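The values are calculated or read from the model by the stated rules, or taken from the named source; none is laboratory data. Since the structure is predicted, the reported quantities are computational estimates derived from the model, not experimental observations. Positions of Cβ are backbone-derived with ideal geometry, glycine not excepted, and every protein chain shown enters the neighbour counts.
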There are 2 protein chains.
Amino acid sequence: MKLREIGEDQLLGQLLSDLPLAKAVVHGPGDDCAVVKTRNRRNFLVLKTDCVVAGVHFLTTANARDVGWKAIMRPLSDFAATSALPQFALITLIAPEQTKVEWVEKLYRGLRRAAKRFKVNIVGGETSSTPGPVAISVSVVGFVERDRCVSRGGGKVGDDLFVTGRLGGAMKQKHLQFVPRIAESRWLTNNFSIHAMMDLSDGLGADLPRLAVASRVGFTVETENLPLTRGAKIEDAISKGEDYELLFAISPRDRTRLEREWRKKFQKLPLTRIGSLSQLSTKNKQLLPRGYVHFQQSG
Amino acid sequence: MKLREIGEDQLLGQLLSDLPLAKAVVHGPGDDCAVVKTRNRRNFLVLKTDCVVAGVHFLTTANARDVGWKAIMRPLSDFAATSALPQFALITLIAPEQTKVEWVEKLYRGLRRAAKRFKVNIVGGETSSTPGPVAISVSVVGFVERDRCVSRGGGKVGDDLFVTGRLGGAMKQKHLQFVPRIAESRWLTNNFSIHAMMDLSDGLGADLPRLAVASRVGFTVETENLPLTRGAKIEDAISKGEDYELLFAISPRDRTRLEREWRKKFQKLPLTRIGSLSQLSTKNKQLLPRGYVHFQQSG
(Lines give C-alpha, C1' and ligand atoms only; values in the text may rest on other atoms or scores of the structure.)
Protein backbone atom coordinates (compact mmCIF):
# COMPACT_ATOMS: atom_id res chain seq x y z
CA MET A 1 0.00 0.00 0.00
CA LYS A 2 1.21 3.48 -0.80
CA LEU A 3 0.85 6.76 1.04
CA ARG A 4 -1.65 8.18 -1.46
CA GLU A 5 -4.02 5.31 -0.70
CA ILE A 6 -4.32 6.12 2.99
CA GLY A 7 -5.18 9.43 4.59
CA GLU A 8 -2.85 11.51 6.72
CA ASP A 9 -5.07 11.06 9.77
CA GLN A 10 -5.01 7.31 9.42
CA LEU A 11 -1.29 7.13 8.76
CA LEU A 12 -0.29 9.35 11.66
CA GLY A 13 -2.88 7.63 13.79
CA GLN A 14 -1.25 4.28 13.10
CA LEU A 15 2.29 5.49 13.47
CA LEU A 16 1.84 7.56 16.57
CA SER A 17 -0.84 5.65 18.43
CA ASP A 18 1.51 3.27 20.17
CA LEU A 19 4.08 5.84 21.21
CA PRO A 20 4.90 5.66 24.87
CA LEU A 21 3.85 9.04 26.24
CA ALA A 22 5.22 10.31 29.50
CA LYS A 23 2.93 11.63 32.19
CA ALA A 24 4.19 15.08 31.27
CA VAL A 25 2.34 14.96 27.94
CA VAL A 26 -1.05 16.72 28.18
CA HIS A 27 -1.90 16.61 24.47
CA GLY A 28 0.20 14.50 22.13
CA PRO A 29 0.04 13.53 18.48
CA GLY A 30 -3.33 14.21 16.85
CA ASP A 31 -4.11 17.57 18.41
CA ASP A 32 -3.21 20.90 16.84
CA CYS A 33 -0.23 21.39 19.12
CA ALA A 34 1.64 19.15 21.51
CA VAL A 35 1.15 20.37 25.07
CA VAL A 36 3.44 19.22 27.88
CA LYS A 37 3.85 19.86 31.57
CA THR A 38 7.06 21.34 32.90
CA ARG A 39 8.06 22.46 36.37
CA ASN A 40 6.22 25.70 35.73
CA ARG A 41 3.00 25.38 37.70
CA ARG A 42 1.14 28.10 35.85
CA ASN A 43 1.94 27.31 32.21
CA PHE A 44 2.18 24.37 29.87
CA LEU A 45 4.92 24.20 27.24
CA VAL A 46 3.44 24.14 23.71
CA LEU A 47 5.18 22.66 20.65
CA LYS A 48 4.25 22.59 16.98
CA THR A 49 6.01 21.72 13.73
CA ASP A 50 4.74 22.19 10.21
CA CYS A 51 6.14 22.55 6.71
CA VAL A 52 5.45 24.03 3.30
CA VAL A 53 6.65 22.33 0.13
CA ALA A 54 6.97 23.89 -3.33
CA GLY A 55 4.32 22.48 -5.64
CA VAL A 56 2.18 21.41 -2.69
CA HIS A 57 1.67 24.43 -0.41
CA PHE A 58 2.81 27.14 -2.79
CA LEU A 59 3.47 27.54 -6.50
CA THR A 60 7.10 27.83 -7.52
CA THR A 61 6.14 31.21 -8.95
CA ALA A 62 4.90 32.51 -5.58
CA ASN A 63 6.61 35.48 -4.01
CA ALA A 64 9.30 34.14 -1.66
CA ARG A 65 8.27 36.62 1.03
CA ASP A 66 4.73 35.23 0.98
CA VAL A 67 6.18 31.70 1.24
CA GLY A 68 8.17 32.69 4.34
CA TRP A 69 5.10 34.35 5.83
CA LYS A 70 2.99 31.25 5.29
CA ALA A 71 5.68 28.90 6.61
CA ILE A 72 5.59 30.67 9.99
CA MET A 73 1.88 31.40 10.07
CA ARG A 74 0.77 27.80 9.58
CA PRO A 75 2.15 26.53 12.89
CA LEU A 76 1.07 29.80 14.54
CA SER A 77 -2.47 29.02 13.46
CA ASP A 78 -2.20 25.83 15.51
CA PHE A 79 -1.09 27.95 18.44
CA ALA A 80 -4.28 29.96 17.96
CA ALA A 81 -6.26 26.71 18.06
CA THR A 82 -4.66 25.87 21.42
CA SER A 83 -4.98 29.48 22.68
CA ALA A 84 -1.22 29.44 23.20
CA LEU A 85 1.35 32.19 22.79
CA PRO A 86 4.29 31.40 20.48
CA GLN A 87 7.77 32.51 21.59
CA PHE A 88 10.56 30.80 19.67
CA ALA A 89 10.89 29.37 16.18
CA LEU A 90 13.39 27.08 14.46
CA ILE A 91 13.64 27.02 10.66
CA THR A 92 14.78 24.13 8.49
CA LEU A 93 15.34 25.16 4.89
CA ILE A 94 15.66 22.31 2.38
CA ALA A 95 16.64 23.80 -0.96
CA PRO A 96 18.36 22.68 -4.16
CA GLU A 97 21.84 24.05 -4.76
CA GLN A 98 20.70 26.02 -7.79
CA THR A 99 18.29 28.07 -5.65
CA LYS A 100 19.12 31.74 -5.96
CA VAL A 101 20.50 33.35 -2.83
CA GLU A 102 18.21 36.30 -3.57
CA TRP A 103 15.19 33.99 -3.33
CA VAL A 104 16.37 32.70 0.05
CA GLU A 105 16.92 36.25 1.28
CA LYS A 106 13.36 37.17 0.30
CA LEU A 107 12.09 34.03 1.99
CA TYR A 108 13.84 35.09 5.19
CA ARG A 109 12.37 38.58 4.92
CA GLY A 110 8.95 36.93 4.95
CA LEU A 111 9.90 34.63 7.82
CA ARG A 112 11.23 37.55 9.86
CA ARG A 113 8.25 39.78 9.15
CA ALA A 114 5.86 37.00 10.19
CA ALA A 115 7.85 36.23 13.33
CA LYS A 116 7.96 39.90 14.28
CA ARG A 117 4.19 40.26 13.82
CA PHE A 118 3.70 37.83 16.73
CA LYS A 119 6.85 38.68 18.69
CA VAL A 120 8.37 35.30 17.92
CA ASN A 121 12.17 34.93 18.05
CA ILE A 122 13.79 32.85 15.30
CA VAL A 123 16.47 31.22 17.44
CA GLY A 124 17.88 28.59 15.11
CA GLY A 125 18.14 27.51 11.53
CA GLU A 126 19.43 24.61 9.51
CA THR A 127 19.84 24.27 5.78
CA SER A 128 20.12 21.17 3.66
CA SER A 129 20.54 20.68 -0.04
CA THR A 130 18.08 18.46 -1.89
CA PRO A 131 17.69 16.99 -5.36
CA GLY A 132 13.99 17.93 -5.06
CA PRO A 133 11.81 21.00 -4.54
CA VAL A 134 12.23 23.66 -1.85
CA ALA A 135 10.68 22.75 1.52
CA ILE A 136 10.60 24.86 4.67
CA SER A 137 9.90 23.24 8.00
CA VAL A 138 9.14 25.50 10.96
CA SER A 139 8.97 24.45 14.60
CA VAL A 140 7.51 26.77 17.17
CA VAL A 141 7.72 26.64 20.96
CA GLY A 142 5.64 28.70 23.36
CA PHE A 143 3.31 28.40 26.28
CA VAL A 144 -0.29 28.49 27.42
CA GLU A 145 -1.66 29.08 30.89
CA ARG A 146 -2.84 25.74 32.27
CA ASP A 147 -6.40 27.02 32.72
CA ARG A 148 -6.62 28.44 29.20
CA CYS A 149 -5.33 25.48 27.19
CA VAL A 150 -7.90 24.33 24.62
CA SER A 151 -7.89 21.15 22.54
CA ARG A 152 -10.19 19.51 20.03
CA GLY A 153 -11.42 17.14 22.64
CA GLY A 154 -13.61 19.10 25.06
CA GLY A 155 -16.76 19.67 23.01
CA LYS A 156 -20.04 18.83 24.75
CA VAL A 157 -23.42 17.76 23.41
CA GLY A 158 -25.48 20.92 22.88
CA ASP A 159 -22.53 23.25 22.44
CA ASP A 160 -22.85 25.96 19.83
CA LEU A 161 -20.30 25.83 16.98
CA PHE A 162 -18.81 29.14 15.87
CA VAL A 163 -16.34 30.09 13.15
CA THR A 164 -14.37 33.30 12.82
CA GLY A 165 -14.08 35.19 9.55
CA ARG A 166 -15.31 33.91 6.20
CA LEU A 167 -14.76 30.54 4.54
CA GLY A 168 -13.91 29.41 1.01
CA GLY A 169 -11.83 30.94 -1.75
CA ALA A 170 -8.64 31.07 0.32
CA MET A 171 -6.56 29.42 -2.37
CA LYS A 172 -6.60 32.56 -4.51
CA GLN A 173 -4.45 34.68 -2.26
CA LYS A 174 -5.42 34.48 1.41
CA HIS A 175 -3.54 31.21 2.01
CA LEU A 176 -0.26 33.09 1.52
CA GLN A 177 -1.15 36.17 3.51
CA PHE A 178 -3.46 35.11 6.33
CA VAL A 179 -3.02 36.26 9.90
CA PRO A 180 -3.53 33.49 12.47
CA ARG A 181 -6.33 34.20 14.93
CA ILE A 182 -4.09 34.28 17.98
CA ALA A 183 -5.39 37.61 19.31
CA GLU A 184 -8.98 36.41 18.89
CA SER A 185 -8.24 33.05 20.50
CA ARG A 186 -6.48 34.67 23.46
CA TRP A 187 -9.42 37.03 23.94
CA LEU A 188 -11.85 34.11 23.78
CA THR A 189 -10.13 32.07 26.49
CA ASN A 190 -9.62 35.16 28.62
CA ASN A 191 -13.35 35.91 28.62
CA PHE A 192 -15.17 32.64 28.01
CA SER A 193 -14.95 28.93 28.67
CA ILE A 194 -14.10 27.50 25.24
CA HIS A 195 -14.82 23.76 25.30
CA ALA A 196 -13.03 22.74 22.10
CA MET A 197 -11.23 24.58 19.33
CA MET A 198 -9.19 23.99 16.17
CA ASP A 199 -8.05 25.92 13.13
CA LEU A 200 -9.58 25.21 9.74
CA SER A 201 -6.71 24.22 7.49
CA ASP A 202 -8.20 21.35 5.47
CA GLY A 203 -11.73 22.71 5.12
CA LEU A 204 -14.71 22.49 7.46
CA GLY A 205 -15.82 19.19 5.92
CA ALA A 206 -12.57 17.50 6.89
CA ASP A 207 -11.79 19.42 10.07
CA LEU A 208 -15.11 19.51 11.94
CA PRO A 209 -15.37 15.69 12.00
CA ARG A 210 -11.93 15.63 13.66
CA LEU A 211 -13.16 17.91 16.43
CA ALA A 212 -16.30 15.78 16.76
CA VAL A 213 -14.31 12.52 16.93
CA ALA A 214 -11.92 13.97 19.51
CA SER A 215 -14.91 15.17 21.57
CA ARG A 216 -16.85 11.92 21.00
CA VAL A 217 -19.94 13.76 19.81
CA GLY A 218 -21.89 14.26 16.59
CA PHE A 219 -22.66 17.57 14.94
CA THR A 220 -25.19 19.48 12.87
CA VAL A 221 -24.14 22.26 10.54
CA GLU A 222 -26.61 24.74 9.12
CA THR A 223 -24.84 25.06 5.80
CA GLU A 224 -27.02 27.96 4.69
CA ASN A 225 -25.53 29.97 7.59
CA LEU A 226 -21.90 29.47 6.63
CA PRO A 227 -20.09 32.82 6.30
CA LEU A 228 -18.78 32.88 2.75
CA THR A 229 -15.84 34.74 1.28
CA ARG A 230 -17.08 36.93 -1.58
CA GLY A 231 -17.46 34.75 -4.66
CA ALA A 232 -17.22 31.48 -2.73
CA LYS A 233 -19.98 28.87 -2.73
CA ILE A 234 -21.19 26.76 0.16
CA GLU A 235 -19.28 23.78 -1.27
CA ASP A 236 -16.08 25.84 -1.27
CA ALA A 237 -16.57 26.73 2.38
CA ILE A 238 -16.95 23.06 3.22
CA SER A 239 -14.44 21.32 0.99
CA LYS A 240 -11.72 23.87 0.22
CA GLY A 241 -8.99 24.26 2.78
CA GLU A 242 -6.50 26.87 3.91
CA ASP A 243 -8.98 29.24 5.57
CA TYR A 244 -7.02 29.25 8.86
CA GLU A 245 -10.08 30.49 10.69
CA LEU A 246 -11.02 29.23 14.15
CA LEU A 247 -13.77 26.70 14.76
CA PHE A 248 -14.85 26.40 18.38
CA ALA A 249 -17.48 24.90 20.66
CA ILE A 250 -18.98 26.90 23.50
CA SER A 251 -21.96 26.53 25.81
CA PRO A 252 -25.17 28.00 24.33
CA ARG A 253 -25.57 29.88 27.62
CA ASP A 254 -22.68 32.13 26.54
CA ARG A 255 -24.05 32.88 23.09
CA THR A 256 -25.64 36.28 23.68
CA ARG A 257 -22.74 37.68 25.64
CA LEU A 258 -20.19 36.23 23.20
CA GLU A 259 -21.86 37.72 20.15
CA ARG A 260 -22.34 41.11 21.82
CA GLU A 261 -18.78 41.42 23.17
CA TRP A 262 -17.18 40.01 20.01
CA ARG A 263 -18.88 42.70 17.90
CA LYS A 264 -17.45 45.36 20.19
CA LYS A 265 -13.95 43.88 20.27
CA PHE A 266 -13.48 42.66 16.69
CA GLN A 267 -15.64 44.97 14.61
CA LYS A 268 -14.24 43.94 11.23
CA LEU A 269 -14.15 40.19 11.76
CA PRO A 270 -17.43 38.27 11.59
CA LEU A 271 -18.22 35.58 14.14
CA THR A 272 -20.86 33.14 12.99
CA ARG A 273 -22.77 30.37 14.71
CA ILE A 274 -22.76 27.57 12.13
CA GLY A 275 -24.37 24.72 14.07
CA SER A 276 -24.07 22.68 17.20
CA LEU A 277 -22.67 19.49 18.70
CA SER A 278 -25.08 16.61 19.13
CA GLN A 279 -25.26 13.18 20.66
CA LEU A 280 -23.33 10.52 18.83
CA SER A 281 -25.69 7.60 18.41
CA THR A 282 -24.27 4.09 18.44
CA LYS A 283 -25.63 3.61 14.97
CA ASN A 284 -23.61 6.47 13.51
CA LYS A 285 -20.36 5.94 15.36
CA GLN A 286 -18.65 4.42 12.34
CA LEU A 287 -20.23 6.76 9.83
CA LEU A 288 -18.24 9.92 10.20
CA PRO A 289 -18.50 12.07 7.12
CA ARG A 290 -15.40 12.51 5.04
CA GLY A 291 -16.54 15.44 2.95
CA TYR A 292 -19.47 17.68 2.33
CA VAL A 293 -21.48 14.92 0.68
CA HIS A 294 -22.24 13.42 4.07
CA PHE A 295 -22.00 16.69 5.79
CA GLN A 296 -24.31 16.19 8.68
CA GLN A 297 -24.13 13.83 11.51
CA SER A 298 -26.51 13.86 14.38
CA GLY A 299 -27.65 11.25 16.79
CA MET B 1 24.45 33.91 -6.99
CA LYS B 2 23.25 30.44 -6.17
CA LEU B 3 23.24 28.44 -2.95
CA ARG B 4 25.99 26.08 -4.12
CA GLU B 5 28.34 29.05 -4.52
CA ILE B 6 28.14 30.10 -0.89
CA GLY B 7 28.66 28.00 2.21
CA GLU B 8 26.00 27.13 4.74
CA ASP B 9 27.81 29.06 7.46
CA GLN B 10 27.94 32.18 5.34
CA LEU B 11 24.34 31.90 4.21
CA LEU B 12 22.90 31.31 7.65
CA GLY B 13 25.24 33.94 9.02
CA GLN B 14 23.84 36.49 6.60
CA LEU B 15 20.24 35.49 7.04
CA LEU B 16 20.21 35.17 10.78
CA SER B 17 22.68 37.82 11.83
CA ASP B 18 20.21 40.67 11.89
CA LEU B 19 17.44 38.83 13.68
CA PRO B 20 16.17 40.71 16.69
CA LEU B 21 16.89 38.44 19.63
CA ALA B 22 15.05 38.84 22.88
CA LYS B 23 16.91 39.05 26.15
CA ALA B 24 15.67 35.55 26.84
CA VAL B 25 17.93 34.10 24.14
CA VAL B 26 21.19 32.80 25.64
CA HIS B 27 22.55 31.16 22.48
CA GLY B 28 20.83 31.81 19.16
CA PRO B 29 21.52 30.91 15.54
CA GLY B 30 25.05 29.67 14.91
CA ASP B 31 25.50 27.49 17.95
CA ASP B 32 24.70 23.80 18.07
CA CYS B 33 21.43 24.34 19.89
CA ALA B 34 19.33 27.40 20.64
CA VAL B 35 19.31 28.04 24.39
CA VAL B 36 16.72 30.31 25.97
CA LYS B 37 15.81 31.51 29.44
CA THR B 38 12.41 30.74 30.89
CA ARG B 39 10.93 31.40 34.31
CA ASN B 40 12.71 28.29 35.53
CA ARG B 41 15.67 29.63 37.50
CA ARG B 42 17.66 26.40 37.44
CA ASN B 43 17.37 25.34 33.82
CA PHE B 44 17.53 26.80 30.34
CA LEU B 45 15.17 25.59 27.61
CA VAL B 46 17.10 24.00 24.71
CA LEU B 47 15.83 23.76 21.12
CA LYS B 48 17.24 22.11 18.02
CA THR B 49 15.95 21.26 14.55
CA ASP B 50 17.63 19.20 11.87
CA CYS B 51 16.71 17.17 8.83
CA VAL B 52 17.78 14.25 6.68
CA VAL B 53 17.06 14.18 2.94
CA ALA B 54 17.14 11.13 0.65
CA GLY B 55 20.11 11.34 -1.69
CA VAL B 56 21.88 13.78 0.64
CA HIS B 57 22.00 12.24 4.13
CA PHE B 58 21.08 8.68 3.22
CA LEU B 59 20.92 6.54 0.10
CA THR B 60 17.45 5.68 -1.11
CA THR B 61 18.47 2.04 -0.62
CA ALA B 62 19.22 2.58 3.11
CA ASN B 63 17.22 0.66 5.67
CA ALA B 64 14.30 2.89 6.72
CA ARG B 65 14.87 2.03 10.37
CA ASP B 66 18.44 3.34 10.13
CA VAL B 67 17.09 6.51 8.48
CA GLY B 68 14.67 7.08 11.37
CA TRP B 69 17.45 6.43 13.87
CA LYS B 70 19.74 8.96 12.18
CA ALA B 71 16.96 11.57 11.86
CA ILE B 72 16.56 11.64 15.66
CA MET B 73 20.20 11.16 16.57
CA ARG B 74 21.48 14.12 14.54
CA PRO B 75 19.72 16.77 16.64
CA LEU B 76 20.46 14.74 19.78
CA SER B 77 24.16 15.01 18.93
CA ASP B 78 23.71 18.79 19.15
CA PHE B 79 22.16 18.29 22.57
CA ALA B 80 25.31 16.40 23.53
CA ALA B 81 27.36 19.37 22.31
CA THR B 82 25.35 21.66 24.62
CA SER B 83 25.40 19.11 27.48
CA ALA B 84 21.60 19.28 27.42
CA LEU B 85 19.02 16.57 28.05
CA PRO B 86 16.44 16.05 25.28
CA GLN B 87 12.81 15.50 26.32
CA PHE B 88 10.35 15.98 23.46
CA ALA B 89 10.53 15.55 19.69
CA LEU B 90 8.36 16.65 16.78
CA ILE B 91 8.60 14.87 13.43
CA THR B 92 7.85 16.34 10.01
CA LEU B 93 7.73 13.69 7.30
CA ILE B 94 7.82 14.97 3.72
CA ALA B 95 7.25 12.01 1.40
CA PRO B 96 6.00 11.41 -2.14
CA GLU B 97 2.59 9.79 -2.48
CA GLN B 98 4.07 6.65 -4.00
CA THR B 99 6.11 5.97 -0.84
CA LYS B 100 5.21 2.57 0.54
CA VAL B 101 3.38 2.61 3.85
CA GLU B 102 5.65 -0.24 4.92
CA TRP B 103 8.69 2.00 4.43
CA VAL B 104 7.11 4.71 6.58
CA GLU B 105 6.29 2.16 9.28
CA LYS B 106 9.91 1.02 9.33
CA LEU B 107 11.04 4.62 9.47
CA TYR B 108 8.85 5.17 12.52
CA ARG B 109 10.23 2.04 14.15
CA GLY B 110 13.67 3.61 13.81
CA LEU B 111 12.43 6.97 15.10
CA ARG B 112 10.75 5.33 18.10
CA ARG B 113 13.74 3.14 18.93
CA ALA B 114 16.05 6.16 18.82
CA ALA B 115 13.68 8.27 20.92
CA LYS B 116 13.33 5.50 23.48
CA ARG B 117 17.11 5.11 23.75
CA PHE B 118 17.31 8.63 25.17
CA LYS B 119 13.89 8.73 26.88
CA VAL B 120 12.60 11.28 24.38
CA ASN B 121 8.84 11.53 23.82
CA ILE B 122 7.66 11.98 20.23
CA VAL B 123 4.77 14.34 20.94
CA GLY B 124 3.77 15.48 17.48
CA GLY B 125 4.02 14.72 13.81
CA GLU B 126 3.09 16.25 10.51
CA THR B 127 3.18 14.74 7.06
CA SER B 128 3.27 16.44 3.69
CA SER B 129 3.37 15.07 0.20
CA THR B 130 6.11 16.23 -2.16
CA PRO B 131 7.01 15.83 -5.82
CA GLY B 132 10.61 15.29 -4.63
CA PRO B 133 12.59 12.93 -2.40
CA VAL B 134 11.75 11.88 1.15
CA ALA B 135 12.87 14.34 3.83
CA ILE B 136 12.46 14.01 7.58
CA SER B 137 12.78 17.05 9.80
CA VAL B 138 13.07 16.51 13.55
CA SER B 139 12.80 19.19 16.23
CA VAL B 140 13.84 18.43 19.76
CA VAL B 141 13.13 20.35 22.95
CA GLY B 142 14.81 19.76 26.30
CA PHE B 143 16.74 21.50 28.99
CA VAL B 144 20.16 22.08 30.50
CA GLU B 145 21.05 23.30 33.98
CA ARG B 146 22.15 26.92 33.73
CA ASP B 147 25.57 26.13 35.20
CA ARG B 148 26.20 23.19 32.86
CA CYS B 149 25.28 24.79 29.52
CA VAL B 150 28.21 24.66 27.08
CA SER B 151 28.58 26.46 23.77
CA ARG B 152 31.24 26.78 21.09
CA GLY B 153 32.20 30.16 22.40
CA GLY B 154 33.99 29.68 25.71
CA GLY B 155 37.36 28.29 24.63
CA LYS B 156 40.41 30.00 26.18
CA VAL B 157 43.98 30.39 24.93
CA GLY B 158 46.00 27.46 26.26
CA ASP B 159 43.03 25.10 26.60
CA ASP B 160 43.61 21.47 25.66
CA LEU B 161 41.47 20.14 22.81
CA PHE B 162 40.02 16.65 23.22
CA VAL B 163 37.91 14.43 20.99
CA THR B 164 35.89 11.37 21.98
CA GLY B 165 35.98 8.15 19.99
CA ARG B 166 37.68 7.71 16.64
CA LEU B 167 37.46 9.85 13.52
CA GLY B 168 37.12 9.12 9.81
CA GLY B 169 35.39 6.39 7.88
CA ALA B 170 31.94 7.13 9.32
CA MET B 171 30.27 7.21 5.91
CA LYS B 172 30.52 3.45 5.55
CA GLN B 173 28.01 2.59 8.24
CA LYS B 174 28.50 4.56 11.46
CA HIS B 175 26.65 7.64 10.18
CA LEU B 176 23.40 5.66 10.22
CA GLN B 177 23.93 3.93 13.54
CA PHE B 178 25.87 6.29 15.78
CA VAL B 179 24.92 6.98 19.38
CA PRO B 180 25.17 10.68 20.34
CA ARG B 181 27.62 11.33 23.18
CA ILE B 182 24.98 12.62 25.59
CA ALA B 183 26.00 10.39 28.50
CA GLU B 184 29.65 11.37 28.03
CA SER B 185 28.81 15.05 27.74
CA ARG B 186 26.63 15.01 30.86
CA TRP B 187 29.40 13.25 32.77
CA LEU B 188 31.92 15.82 31.57
CA THR B 189 29.93 18.85 32.72
CA ASN B 190 29.04 17.14 35.97
CA ASN B 191 32.71 16.62 36.82
CA PHE B 192 34.71 19.26 34.96
CA SER B 193 34.52 22.81 33.73
CA ILE B 194 34.18 22.39 29.97
CA HIS B 195 35.00 25.72 28.32
CA ALA B 196 33.68 25.03 24.82
CA MET B 197 32.20 22.02 23.06
CA MET B 198 30.63 20.96 19.76
CA ASP B 199 29.83 17.78 17.90
CA LEU B 200 31.82 16.83 14.81
CA SER B 201 29.30 16.52 12.01
CA ASP B 202 31.13 18.13 9.07
CA GLY B 203 34.64 16.89 9.88
CA LEU B 204 37.28 18.31 12.20
CA GLY B 205 38.70 20.51 9.43
CA ALA B 206 35.39 22.33 9.03
CA ASP B 207 34.14 22.14 12.61
CA LEU B 208 37.18 23.07 14.73
CA PRO B 209 37.55 26.46 12.98
CA ARG B 210 33.92 27.18 13.94
CA LEU B 211 34.70 26.56 17.59
CA ALA B 212 37.83 28.71 17.28
CA VAL B 213 35.94 31.57 15.59
CA ALA B 214 33.19 31.46 18.22
CA SER B 215 35.84 31.49 20.97
CA ARG B 216 37.96 34.16 19.19
CA VAL B 217 41.11 32.07 19.43
CA GLY B 218 43.45 30.17 17.14
CA PHE B 219 44.32 26.50 17.38
CA THR B 220 47.04 23.93 16.81
CA VAL B 221 46.23 20.33 15.98
CA GLU B 222 48.78 17.56 16.24
CA THR B 223 47.44 15.63 13.29
CA GLU B 224 49.67 12.64 14.01
CA ASN B 225 47.77 12.20 17.29
CA LEU B 226 44.30 12.04 15.76
CA PRO B 227 42.45 8.88 16.84
CA LEU B 228 41.60 7.09 13.61
CA THR B 229 38.85 4.63 12.84
CA ARG B 230 40.36 1.41 11.60
CA GLY B 231 41.22 1.84 7.92
CA ALA B 232 40.84 5.62 7.98
CA LYS B 233 43.65 8.02 7.08
CA ILE B 234 44.52 11.30 8.75
CA GLU B 235 42.92 13.16 5.84
CA ASP B 236 39.68 11.22 6.40
CA ALA B 237 39.66 12.22 10.06
CA ILE B 238 40.04 15.87 9.08
CA SER B 239 37.91 16.24 6.00
CA LYS B 240 35.24 13.53 6.17
CA GLY B 241 32.17 14.31 8.23
CA GLU B 242 29.47 12.47 10.15
CA ASP B 243 31.63 11.28 13.04
CA TYR B 244 29.26 12.77 15.65
CA GLU B 245 32.01 12.67 18.23
CA LEU B 246 32.52 15.46 20.75
CA LEU B 247 35.26 18.07 20.43
CA PHE B 248 35.87 20.11 23.57
CA ALA B 249 38.21 22.60 25.17
CA ILE B 250 39.25 22.27 28.81
CA SER B 251 41.94 23.80 31.02
CA PRO B 252 45.28 21.93 30.86
CA ARG B 253 45.16 21.87 34.67
CA ASP B 254 42.36 19.27 34.41
CA ARG B 255 44.17 17.03 31.95
CA THR B 256 45.56 14.38 34.29
CA ARG B 257 42.37 13.98 36.30
CA LEU B 258 40.22 13.99 33.15
CA GLU B 259 42.23 11.28 31.43
CA ARG B 260 42.36 9.12 34.56
CA GLU B 261 38.67 9.37 35.42
CA TRP B 262 37.55 9.03 31.79
CA ARG B 263 39.42 5.71 31.47
CA LYS B 264 37.62 4.43 34.54
CA LYS B 265 34.18 5.63 33.46
CA PHE B 266 34.21 4.96 29.70
CA GLN B 267 36.53 2.05 29.28
CA LYS B 268 35.64 1.28 25.70
CA LEU B 269 35.61 4.82 24.34
CA PRO B 270 38.94 6.53 23.70
CA LEU B 271 39.46 10.14 24.71
CA THR B 272 42.31 11.83 22.88
CA ARG B 273 44.07 15.15 23.31
CA ILE B 274 44.48 16.38 19.74
CA GLY B 275 45.91 19.85 20.27
CA SER B 276 45.26 23.15 21.97
CA LEU B 277 43.79 26.60 21.56
CA SER B 278 46.20 29.42 20.87
CA GLN B 279 46.29 33.17 20.58
CA LEU B 280 44.68 34.56 17.45
CA SER B 281 47.19 36.99 15.98
CA THR B 282 45.90 40.04 14.11
CA LYS B 283 47.73 38.78 11.06
CA ASN B 284 45.82 35.53 10.94
CA LYS B 285 42.39 36.84 11.88
CA GLN B 286 41.15 36.69 8.31
CA LEU B 287 42.95 33.49 7.44
CA LEU B 288 40.83 30.86 9.09
CA PRO B 289 41.40 27.49 7.52
CA ARG B 290 38.61 26.02 5.50
CA GLY B 291 39.91 22.51 5.19
CA TYR B 292 42.82 20.32 6.08
CA VAL B 293 45.10 22.01 3.57
CA HIS B 294 45.47 24.99 5.88
CA PHE B 295 44.91 22.91 8.91
CA GLN B 296 46.87 24.77 11.49
CA GLN B 297 46.39 28.20 12.81
CA SER B 298 48.35 29.62 15.64
CA GLY B 299 49.13 33.12 16.74
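Details
- Among all residues of region B:212-230, there is none that is crowded, with 18+ Cβ neighbours inside 10 Å and charged (D, E, K, R).
- Of the strands (runs of 3 or more DSSP E) lying entirely inside region A:1-94, those containing at least 3 residues that are at the interface with another protein chain (Cβ under 9 Å from one of its Cβ atoms) are A:34-37, A:43-53, A:85-94.
Matching residues to (1) among the β-branched types (Val, Ile, Thr); (2) farther than 26 Å from A:Glu145 by Cβ; (3) surrounded by 20 or more Cβ atoms within 10 Å (Cβ to Cβ):
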site	(1), (2), (3)
A:Arg210	no, no, no
A:Ala232	no, yes, no
A:Ala237	no, yes, yes
A:Asp243	no, yes, yes
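- Failed criterion for B:Trp103 (all others in (1) in contact with a strand residue (DSSP E or B) (Cβ under 7 Å, 6 or more places away or on another chain); (2) not assigned by TED's automatic domain parsing to the domain that holds B:Arg255 hold): (1)
- Residue match in region B:152-174 (condition: small (Gly, Ala, Ser), at negative phi, crowded, with 24+ Cβ neighbours inside 10 Å and part of a loop (DSSP other than H, G, I, E, B)): yes
- Considering only residues in region A:101-126 that are in contact (Cβ under 8 Å) with a residue 12 or more places away in the chain and aliphatic (A, V, I, L, M), the one that is farthest from the other protein chains (Cβ to nearest Cβ) turns out to be A:Ala114.
- Filtered by the rule that a residue be acidic (Asp, Glu) and either in contact with a Leu (Cβ under 9 Å, 6 or more places away or on another chain) or without any contact (Cβ under 8 Å) to a residue 24 or more places away in the chain (or both), region A:242-265 gives A:Glu242, A:Asp243, A:Glu245, A:Glu259.
- Among the residues making up region A:53-72, those that are out of contact with any Gly (no Cβ under 7 Å at 6 or more places or on another chain) and surrounded by 24 or more Cβ atoms within 10 Å (Cβ to Cβ) are A:Lys70, A:Ala71, A:Ile72.
- Residues in region A:128-148 that are under 20 Å from A:Val104 (Cβ atoms), of a type in the set (A, V, I, L, M, F, W, C) and either surrounded by fewer than 22 Cβ atoms within 10 Å (Cβ to Cβ) or within 7 Å of another protein chain (Cβ to nearest Cβ) (or both): A:Ala135 only.
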